[in-house]
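The values are calculated or read from the model by the stated rules, or taken from the named source; none is laboratory data. This structure is a prediction, so every number in the text was calculated from the model and none was measured. Positions of Cβ are backbone-derived with ideal geometry, glycine not excepted, and every protein chain shown enters the neighbour counts. Heads up: the accessible areas ignore ligands, DNA and RNA and are worked out on the full protein's heavy atoms, side chains in. Shrake-Rupley method; radii C 1.70, N 1.55, O 1.52, S 1.80 Å.
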Amino acid sequence: DNYTGVYRPEIHFSPPQHFMNDPNGLHRDAVGTYHLYYQYNPTGLVAGNQHWGHATSQDLYHWENQPIALYPPTADSQVFSGSAVIDANNTSGFFPNQTNGVVAIYTLNTPTSQVQEIAYSYDGGYTFMRYAGNPVIDVNSTQFRDPKVIWHEQTQRWVMVVAHAQEFVIAFYTSPDLKAWTHVSDFSHQGLLGMQWECPNLVRMPVRDTTTGALTTDQDMYILAISINPGAPLGGSATQYFPGTFDGTTFTAVDGAARLTDFAEDNYAGQFFYGISDDEDPISIAWASNWQYTQQVPTAQEGWRSAMSLPRRNFLTNVPRTGWVLASLPYDLSPVLGRVLFKTEWQTEQATSHTTIPADIRAFYVNVTVSGLPASISADASLDIVFSTAHSQESLACGYFFGGDNGFFLDRGGTHGFRNPFFTNSFSTSVLPREDGVWTMTAVVDRSIIEVFLNGGVASATSTFFSTQTLTSVSVSTTGMPSGTTTEWEVRALENTWR
Ligand code: FRU
């Protein structure tokens with residue numbers, strides 16, 4: 001496999017070649033191996049002919065490409081998105097002699113229908129057999145897809161969420177055995193509609209304190225995430241979520257408000273791993289692209305299209321002024337975090353510092369922390385970060401205004417590898433400094449993807465960018481900072497996982 005192209009991410013997953021979209025079947029197996037399946041066209045650089053590609057990892061960063069796991073059964077069918085579970089107690093009856101049986105639950109798409117099917121694996125998720133009794137759910141629809149299944153401990157049943165895409169309905173089904181499914185409730189017409197609802201996820205969420213990150217209560221909260229495409233607020237695809245509660249049959253949102261998982265436009269169809277215990281934070285991976293331009297991006301010149309987001313650790317937190325937020329942070333980066341390349345700090349109100357990334361490093365991590373911030377700050381106190389190529393021919397920029405509307409922006413308009421009317425230049429969000437007077441930004445810059453996390457993950461952005469040359473420098477500057485504040489920043493190398 002050739003992972004050397006200028007656009008190839010070094011710590012993000014991307015397919016060896018051809019077109020990829022949604023993550024599917026995410027699970028961690030009994031021996032601790034993470035399985036990532038994905039919507040895959042093994043014969044083209046655009047969507048179509050959908051299979052389930054497969055990769056495995058011990059740490060969520062170093063991936064090993066595996067043979068295709070699910071093939072369409074007929075020439076006119078496609079295996080669309082879905083999920084996977086480990087049937088350790090043999091509820092399905094497929095696994096009398098083992099505890100590591102895997103069941104995949106997916107949509108079979110044909111020109112005349114979308115139905116839910118299952119397939120089972122005796123070898124821990126590498127090869128699958130199609131269940132002879134398929135389909136397991138057929139409601140005579142052409143727009144009914146993306147089943148996501150979890151185990152609900154209290155009711156001792158499997159619970160599926162699945163989208164009636166063009167009716168804006170998420171249907172809830174339960175089952176004792178993954179074969180017989182009963183429709184138990186619907187969630188519909190809340191938040192944003194766009195033109196379709198896809199890839200729902202129901203997941204239990206721990207609640208953490210916004211400032212300390214400590215678990216705050218043993219409140220039993222869930223989120224229902226729903227991906228919207230097309231017609232999302234920034235164009236094309238986006239994912240919204242609803243915090244709420246789930247009693248085994250019905251999901252009740254805390255309110256009807258629309259909340260988005262990301263403030264840029266390359267985070268879609270995120271899925272949460274099966275097999276993560278209740279005392280860990282849920283782990284997710286999303287598709288880092290957007291249907292509005294994914295089939296035009298220039299990575300095709302390297303023979304592949306689309307990467308996944310970083311693996312994320314997720315929790316709910318109640319942010320002052322904002323209310324409930326699904327926070328996310330990169331999952332433990334230590335397997336890829338390399339040496340410190342640069343580190344500095346200042347107390348002055350105005351300063352600029354700059355570092356050049358060594359030629360052997362092409363993906364890097366940046367952390368900026370401002371502390372000692374007073375409660376009220378003038379609107380022109382700001383911080384700017386610029387990543388640029390040699391001679392500043394291309395650049396990627398972000399920055400934050402500490403007062404005013406507390407805006408943070410991310411601007412990819414200074415990169416020149418891709419032009420498209422829907423590939424918009426800049427994105428922004430508003431986030432207050434934390435109540436303890438600290439503001440942080442963590443960024444992972446990886447060839448053609450940047451991910452940004454503010455204040456411990458209460459806001460995040462996933463953005464592709466296509467700079468035709470490698471970004472080789474980072475500069476950070478502040479102006480008008482209130483006295484008593486300290487600005488610190490460091491850059492660390494990220495180690496290429498495909499070497
Ligand atoms: C979302 C989606 C799903 C569908 C799959 C097909 O990106 O449209 O609804 O199952 O992609 O590849």
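Could you work out the mean projected area of the convex hull around the alpha carbons of segment 1-48, in square nanometres to one decimal? The number I arrive at for segment 1-48 is 4.3 nm².
Each label was represented as a point 7 Å from its Cα along the Cα-to-Cβ direction; for VAL31 and ASP186 these points are 4.5 nm apart. With R₀ fixed at 41 Å, the C-beta to C-beta distance from GLU488 to ASN100 puts the FRET efficiency at about 0.30.
State whether segment 49-115 is rounded, prolate or oblate according to the following rule on the C-alpha gyration tensor (a ≥ b ≥ c being the square roots of its eigenvalues): a/c under 1.5 gives rounded; otherwise a/b larger than b/c gives prolate, and the remaining case gives oblate. The shape class here is oblate. Computed with a 1.4 Å probe over protein heavy atoms only, the accessible surface of segment 65-128 comes to 38 Å² per residue. Summary of the geometry: segment 349-370 and segment 272-321, compared by the centres of their Cα atoms, lie 25 Å apart. Relative contact order of the chain, taken over Cα pairs closer than 8 Å and 6 or more residues apart, is 14 percent. Of the peptides 455-465, 421-431, the ranking by mean beta-carbon count within 10 Å, highest at the top, reads 455-465, 421-431. Residues ASP220, ASP146, ASP380, ordered by accessible area of protein heavy atoms at a 1.4 angstrom probe radius and largest first, appear as ASP380, ASP220, ASP146.
Using the Karplus relation 6.51 cos²θ - 1.76 cosθ + 1.60 with θ = phi - 60°, the per-residue 3J(HN,Hα) values for segment 443-456 come to 10, 10, 10, 9, 6, 10, 9, 10, 10, 10, 10, 9, 6, x Hz, with x marking Gly and Pro.
Convex hull of alpha carbon positions in segment 382-499: directionally averaged projected area 8.6 nm².
Judged by the gyration tensor of its Cα atoms, with axes a ≥ b ≥ c, segment 20-175 is oblate; a/c meets the 1.5 cut and b/c is at least as large as a/b. Across segment 297-325, the residues whose backbone nitrogen lies under 16 Å from the label position 7 Å along the beta-carbon direction of ASP209 are 316-320. How much of the accessible area of the chain, in percent, comes from carbon and sulfur atoms when a 1.4 Å probe is used? Carbon and sulfur together cover 49 percent of it. Relative contact order of segment 124-164: 32 percent, from C-alpha pairs under 8 Å at least 6 residues apart in sequence. Among rounded, prolate and oblate, which fits segment 265-330 when a ≥ b ≥ c are the square roots of the eigenvalues of its C-alpha gyration tensor, a/c under 1.5 means rounded, and a/b larger than b/c means prolate? Verdict is oblate for segment 265-330. When ARG492, ARG145 are compared by accessible surface with a 1.4 Å probe, the order from highest to lowest is ARG492, ARG145. With contacts taken as Cα pairs under 8 Å and at least 6 residues apart, segment 231-325 reaches a relative contact order of 23 percent.
For the chain, the Cβ-based charge dipole about the Cα centre amounts to some 660 debye (Lys, Arg positive; Asp, Glu negative; other atoms uncharged). Applying 1/(1 + (r/R0)^6) with r as the Cβ-Cβ distance of SER376 and VAL340 and R0 = 30 angstrom yields a FRET efficiency of 0.30. Around the amide H of HIS27, modelled in the peptide plane, lie the amide H atoms of HIS35, TYR274, all under 5 Å away and 5 or more residues distant in sequence or on another chain.
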